[in-house]
Amino acid sequence: MRIAFFAIALGIAAPVSAQSVNETFDRISGERTIAYTADGSMDMTRPVFTFEGSFVGDASSAAISLAFVSASEGGGAPAPRFAACHNIDWFVDGRSLAARPASHRGSAVDGEMIELIEQDVTVEWAIAVANAQEVRYRVCRDEYAFTSRDIEAFGRIAAKLKSATLTASATRAGEPAPTAAKPVDYKGMNWRPKHQESLFPTRN
């Protein structure tokens, strides 16, 4: 997933094609993936915003990723902008939306600094975004906003996440209950024959 995000960041000057919510299912691994690249990512002054959720059996994960590209200024790749300050603060309709801590990684490629900031999110987080009229987020001191198309896309994302969660719950509910082990009737030394004289006749 991270490699794909770096590839998107490297091709930021090219049209970003993943402007719709995509869902794939791997029949071999059983993995279901829901992915979206934000509508605003077409703007080169903004980070490439990507969402990806993955479901395999009972295991699930969802995260957003922000890819920033800092161009070379003639003296090699610039220093990372967000290494020491990369928390993502979310605001939904003017109110703060709780989110988990974010992680950061950076890499110099062809004289440019590519920084990837990732943050795990929950189904509840996606639902809050989907139901909002305005969604803004701040990375360190830089602020950005979702477009109306992004919010509409998160409506579809939230529906798919809830569907995947319900499917996993239904699968667990449909599994047969484990059969209780049959109790062993331990008879201690009762295995001894009751009529031992038949096996060991007494000698006269």
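The values are calculated or read from the model by the stated rules, or taken from the named source; none is laboratory data. If you're wondering where the values come from, they're calculated on a predicted model, not measured in any experiment. Here Cβ is always computed from backbone atoms with ideal geometry, including for glycine, and neighbour counts include all displayed protein chains.
In the condition set (1) surrounded by 13 or more Cβ atoms within 10 Å (Cβ to Cβ); (2) part of a strand (DSSP E or B); (3) modelled with pLDDT under 90, P78 is compliant with all but (2).
Residue count for the stretch 100-112, restricted to those that are over 25 Å from the mean Cα position of the chain (by Cα) and either closer than 30 Å to W125 by Cα or assigned to a strand (DSSP E or B) (or both): 3. The set of residues in the stretch 114-140 that are acidic (D, E) and in a loop (DSSP other than H, G, I, E, B) contains only E134. Among the residues of the stretch 84-99, which ones are loosely packed, with under 13 Cβ neighbours inside 10 Å and in a loop (DSSP other than H, G, I, E, B)? Result: A84, C85, D93, G94, A98.
Results for (1) in contact with a Ser or Thr (Cβ under 8 Å, 6 or more places away or on another chain); (2) touching a residue at least 12 places away in the same chain (Cβ under 8 Å), shown as yes or no for each residue.
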{"residue": "G76", "(1), (2)": "no, yes"}
{"residue": "D89", "(1), (2)": "yes, yes"}
{"residue": "D93", "(1), (2)": "no, yes"}
{"residue": "G106", "(1), (2)": "no, yes"}
{"residue": "E118", "(1), (2)": "yes, yes"}
{"residue": "E124", "(1), (2)": "no, no"}
{"residue": "Y137", "(1), (2)": "no, yes"}
{"residue": "R141", "(1), (2)": "no, yes"}
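Per the listing I157, I151, I114, the residue uniquely crowded, with 18+ Cβ neighbours inside 10 Å, among the β-branched types (V, I, T) and either at pLDDT below 90 or touching a Ser or Thr at 6+ places or on another chain (Cβ under 7 Å) (or both) is I114.
In the stretch 20-45, the residues that are under 18 Å from V123 (Cα atoms) form Cβ pairs under 6 Å with partners that are of a type in the set (D, E) and at pLDDT 75 or above, at six or more places apart or across chains, as follows: I34/E23; A35/E52; A38/D150. Residues of the stretch 160-176 being at pLDDT below 80, hydrophobic (A, V, I, L, M, F, W, C) and under 23 Å from T37 (Cα atoms), which ones? Scanning the stretch 160-176 gives a single hit, A164.
Of all the criteria given as (1) of a type in the set (S, T, Y); (2) closer than 18 Å to T50 by Cα; (3) modelled with pLDDT under 85, the one not satisfied by T179 is (2). Surrounded by 18 or more Cβ atoms within 10 Å (Cβ to Cβ) and under 25 Å from L161 (Cα atoms): does that describe F68? No. Given A108, A158, A79, which one is under 22 Å from S20 (Cβ atoms) and aliphatic (A, V, I, L, M)? The match here is A158. Taken over the stretch 25-43, the residue count meeting the criterion of being surrounded by fewer than 19 Cβ atoms within 10 Å (Cβ to Cβ), farther than 20 Å from I88 by Cβ and modelled with pLDDT under 90 is 8. A count restricted to the stretch 125-143 and to residues that are over 13 Å from S96 (Cβ atoms), surrounded by fewer than 18 Cβ atoms within 10 Å (Cβ to Cβ) and within 22 Å of the chain's Cα centre (by Cα) stands at 2. Checking each residue in the stretch 51-75 for being assigned to a strand (DSSP E or B), of a type outside the set (D, E, K, R) and out of contact with any helix residue (DSSP H, G or I) (no Cβ under 8 Å at 6 or more places or on another chain) picks out S54, V56, A59, S61, A63, I64, L66, S70.
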